[in-house]
Amino acid sequence: MIRLMPIFLGLLFLVGHGGTALAASAKATSFRQANTLTAFTPPEKFLASNFVADEMNPGFIFGPVKAFAASRKCPTTWLIEAGDKNRPAGPGAPEALAEYTLYLEEDCPDRVVYYVFIDQSGLTPQQWIAWREKFHKSKAGEEFDSAKSKLEQACTAGCEVGAELRFIQKDGELVSKSPEAVLRDDLKIAPIYDLNQKKKISP
């Protein structure tokens, strides 16, 4: 009995700090099965990365990813699509730079929230910007050129980005509000860099 006490206390600590000690709720388990998601330990480089939360024209940089995960009030688990579990991180051939999707599941008694991240931490800052340009320039034109310039300046200021919060799901439904607005307005997550003002934000 005495031997089991430290283990029990450790479990309580994890649960109280947004850990993954508790089994997933029935609702979370159902969502995992429906989306073929499985538990995954993200690379430390991703967890230590700063991230943006607007796909086309981000106004702020947040980070690091692990600080955001630790700020969640309910137990969290990192998940990945089962088919990508053994996919190597980082760039492959220059014409096929790698990125993949990671899901931060927040399992609360009244809701299950998925924060859906794109892990691009294997790319250099220059590769990351080039990768965004490849997919978005034709959609955004001058707007993307402006965002690209701001991101390049953030890199020179030491606020490189290695991830993107692409969207948020609540109980299986896509949250219509932009992830950037959810982070700032609803979750009160303070950014570390203002892309429009082109300067770091003091904590």
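Only the coordinates and a few stated rules stand behind these numbers; no lab work does. Everything quoted here is computed from the prediction, not taken from an experiment. Positions of Cβ are generated from backbone atoms using ideal geometry, with glycine treated the same way; all protein chains shown enter the neighbour counts.
For this structure, a couple of remarks:
- With 25 Å as the limit, the listed pairs LYS85/LYS200; LYS45/LYS148; LYS27/LYS177; LYS66/LYS177; LYS45/LYS85 have LYS85/LYS200 beyond it between alpha carbons.
- Spacing of the two label points (7 Å from each Cα toward its C-beta) at LYS200 and SER149, in nm: 2.4
- The residues neighbouring LEU187, those whose beta-carbon lies less than 13 Å from its own, together hold a net charge of +2 under the Lys/Arg +1, Asp/Glu -1 convention.
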